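Engineer: Here's a structure for you.
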Amino acid sequence: MSQDEQENSLKITSETPPACLGRPGFLIFYLMLLAIGGITTVGLLMAKKPLPAEEKTKPGIVEDAPAKELKEFAAKYFPAWPANRKPEVVLFFSGEQHNYEAPCGCTEPQFGGLERRYNFITEMRKLGLKVVAMDLGDIYYKGLISDQSRLKFQYSMQALNLMGYDAITVGPEELRYPLWEALANTVLQKNYPYAILGANIMPKEQEFPGEKKPSMLDDFRVVEPKDCKIKVGVVGTLGETAIKSVAKLVIPEPDPDEFKKKLNAYFGNNGVVLPQVLKAMKPKNPDVNVLLYQGTEEEAKSLAKALPDFDIILHRSAESEPPRPSQVGKTHLVAVGHKGRLIGIMGLFRNAAGGLDYHWDLVPLGKEFATAKDLQKSNPSVQLLEDYTKEVKDKDMMGRFPQVPHPLQARFANVKYVGSDACKNCHAAEWNVWNASRHAAAIETLSENPKAYPPHNRRFDAECLICHTTGLGYDTGFTSEKKTPHLVGVGCETCHGPGSAHAANQNNKDLTLAMSPWKVNKKDSVETKAVENRVFAMCIKCHDMDNDHDFDFKKWKKIAHGAGANKKAGGK
């Protein structure tokens, strides 16, 4: 057996589907979860299912020529597509959003966001493309404020409804919500038309009963866009690693037998479940079978080897950036990465033999997909995000942000945040450097200027303020502009820690050294590589890839201070 054959060998089994526990056990399981709780392009080609002879045209296949606007759009965003061809249907893939509803906006370029996604898919439909929209799941992500995380998920599900999504699968993060509550708060209450898929989540009708249908969960959906001859069958399921990631929330170090029992109680074996789902879907005659698979690339390869009926498998990404597409037999394996930054586009084109050719592109959602100012008030996605940030403000989510002791507070007694002005008398030169920097006015970038790009009310959002204020999340740190005005902006104590004890006793050498944790000893300077690495590790907590994609140590040197670094700022 070759190495490739070994990698693609059958890893799923055909065991008898396990018995399932009743509703009380399932609810306890999920309650426990809650408590713990530019463009890359690859062209892929494949001929499939020739049309009946009477449906073929002469000679070969003749399609409607795309309009000029579509040609230009496709040339820019879908370079893998054949020139001057219009696809029969376009498969629109997203996933692993992790509650990133909008890019931070602090620096450019940044990618992703529900507004940009809405504008992208809306433009595709305006250009006459037949779109089937699908999401891999993990839309939800549990942040530090659980209520805000849930609120964001609810708005994201509403946004997918605005975009006309057809199918969304369940991911491990939705199970942490927990799932029955996530579905009740969104699909059941709002009656969204898209399908929520979880083929191997069991038993559906008992655990997730619906109102207009037996269950809020489906095994599959067959989608046929209006005026389109292509039917797309969509199945969603969780793989073994995804299931284990859920189970480990309940049993951190499980006994092997108990662990297997727990998994078998709630999740069917894909080796049994998926063939049954494909059989149930077959009478609807889908032309293309898509699997939204909450599993790794390696798991997807094994599954494609065992179940070649799937034409496309969208799988999870191990890293934020997706791996390159691959193929096992006729099955195309694709991924879209994390945080909604990229959208996967699979164009399906009819070939001369009457089959389908597949062409894959990844499209970054850059600022070109942002809404023009004169259209913002009429754009429903913009208004939806405005509603979200307003609700965050009105419900005072800031007040629910947890506060924990800072490392200095855990080590030294009665240490409090006092604000940067308390440092001025003894550290005038350093204070002058800070006061002239953008750190001092960091909160102004979240100001409520009516002309600012929406959504507004970010000044009341802890997820933004944590990097625009001092000490948010720590005892005696920032809580609000009214209660802690001295901690507005990124002050001295953001990096050095709460300074009350140091202000009262500058001779405490242990405390002084502890307030510069990047130093190992007093002689260390910013020119030392080890010190540089420690400073970088601290800065990157806010200046990360989401908020400051090109941050490097040179930027820190703009605010460098201390011995020999700040003479121009008034030092001696």
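Engineer: Does the stretch 527-546 contain any residue that is more than 34 Å from the chain's Cα centre (by Cα), farther than 27 Å from residue 105 by Cβ, open to solvent by 40 Å² or more (accessible area, probe 1.4 Å) and at pLDDT below 60?
Structural biologist: Checked the stretch 527-546: no residue is more than 34 Å from the chain's Cα centre (by Cα), farther than 27 Å from residue 105 by Cβ, open to solvent by 40 Å² or more (accessible area, probe 1.4 Å) and at pLDDT below 60.
Engineer: With the requirement that a residue be open to solvent by 50 Å² or more (accessible area, probe 1.4 Å), charged (D, E, K, R) and not in a helix (DSSP H, G or I), what does the stretch 461-511 give you?
Structural biologist: 475, 481, 482, 483
Engineer: Something else about it: Specify the residue that is most open to solvent (accessible area, probe 1.4 Å); the eligible residues are those in the stretch 383-420 that are more than 18 Å from residue 459 (Cβ to Cβ), out of contact with any Gly (no Cβ under 9 Å at 6 or more places or on another chain) and not polar (S, T, N, Q).
Structural biologist: 411
Engineer: Checking the condition touching a helix residue (DSSP H, G or I) at 6+ places or on another chain (Cβ under 8 Å) and either buried (at least 23 other Cβ atoms within 10 Å of the Cβ) or of a type in the set (Phe, Trp, Tyr) (or both), which residue from 369, 349 passes?
Structural biologist: On the way: 349 fails: touching a helix residue (DSSP H, G or I) at 6+ places or on another chain (Cβ under 8 Å).
It is 369.
Engineer: Residues 137, 143, 95, 164: which one is open to solvent by 10 Å² or more (accessible area, probe 1.4 Å) and modelled with pLDDT of 95 or more? Outline the logic, then answer.
Structural biologist: On the way: 137 fails: open to solvent by 10 Å² or more (accessible area, probe 1.4 Å); 143 fails: modelled with pLDDT of 95 or more; 95 fails: open to solvent by 10 Å² or more (accessible area, probe 1.4 Å).
164 is the lone residue from the list that is open to solvent by 10 Å² or more (accessible area, probe 1.4 Å) and modelled with pLDDT of 95 or more.
Engineer: Right, another one. Could you say whether any residue in the stretch 420-427 is at pLDDT 90 or above, in contact with an Asp or Glu (Cβ under 9 Å, 6 or more places away or on another chain) and either under 18 Å from residue 547 (Cβ atoms) or of a type in the set (Ser, Thr, Tyr) (or both)?
Structural biologist: yes
Engineer: Scan the stretch 312-369 residue by residue and report those that are more than 25 Å from the chain's Cα centre (by Cα) and not in a strand (DSSP E or B).
Structural biologist: 329, 330, 351, 352, 353, 354, 355
Engineer: Here's something else I'd like to know. Of all residues being part of a helix (DSSP H, G or I) and among the polar types (S, T, N, Q) in the stretch 185-229, which is farthest from residue 163 (Cα to Cα)? Just the residue, please. Lay out the reasoning, then the answer.
Structural biologist: Initially, the stretch 185-229 is screened for residues part of a helix (DSSP H, G or I), giving 185-190, 204-207.
Going one step further and asking which of them are among the polar types (S, T, N, Q), we end up with 185-186, 189, 206.
Working: 185: 19, 186: 15, 189: 18, 206: 30 Å.
So the residue we want is 206.
Engineer: Within the bounds of the stretch 434-452, is there any residue that is aromatic (Phe, Trp, Tyr), more than 30 Å from residue 116 (Cα to Cα) and not in a loop (DSSP other than H, G, I, E, B)?
Structural biologist: The answer is yes, given that some residue of the stretch 434-452 is aromatic (Phe, Trp, Tyr), more than 30 Å from residue 116 (Cα to Cα) and not in a loop (DSSP other than H, G, I, E, B).
Engineer: Further question on the same structure: Residues that are open to solvent by 10 Å² or more (accessible area, probe 1.4 Å), at pLDDT below 95, under 23 Å from residue 372 (Cβ atoms) and under 18 Å from the mean Cα position of the chain (by Cα): does the stretch 169-176 have at least one?
Structural biologist: For the stretch 169-176, residues open to solvent by 10 Å² or more (accessible area, probe 1.4 Å), at pLDDT below 95, under 23 Å from residue 372 (Cβ atoms) and under 18 Å from the mean Cα position of the chain (by Cα): absent.
Engineer: May I pose another question? Checking residue 442 against (1) open to solvent by less than 50 Å² (accessible area, probe 1.4 Å); (2) under 24 Å from residue 543 (Cβ atoms); (3) touching a helix residue (DSSP H, G or I) at 6+ places or on another chain (Cβ under 8 Å): exactly one of these is not met. Which one?
Structural biologist: That leaves (3) as the condition not met.
The values are calculated or read from the model by the stated rules, or taken from the named source; none is laboratory data. Worth saying up front: this structure is predicted, and the values here are computed from it rather than measured. With ideal geometry, Cβ positions are generated from the backbone for all residues, glycine too; neighbour counts draw on all protein chains shown. For accessibility, only protein heavy atoms count, side chains too; no ligands or nucleic acids. Shrake-Rupley method; radii C 1.70, N 1.55, O 1.52, S 1.80 Å.
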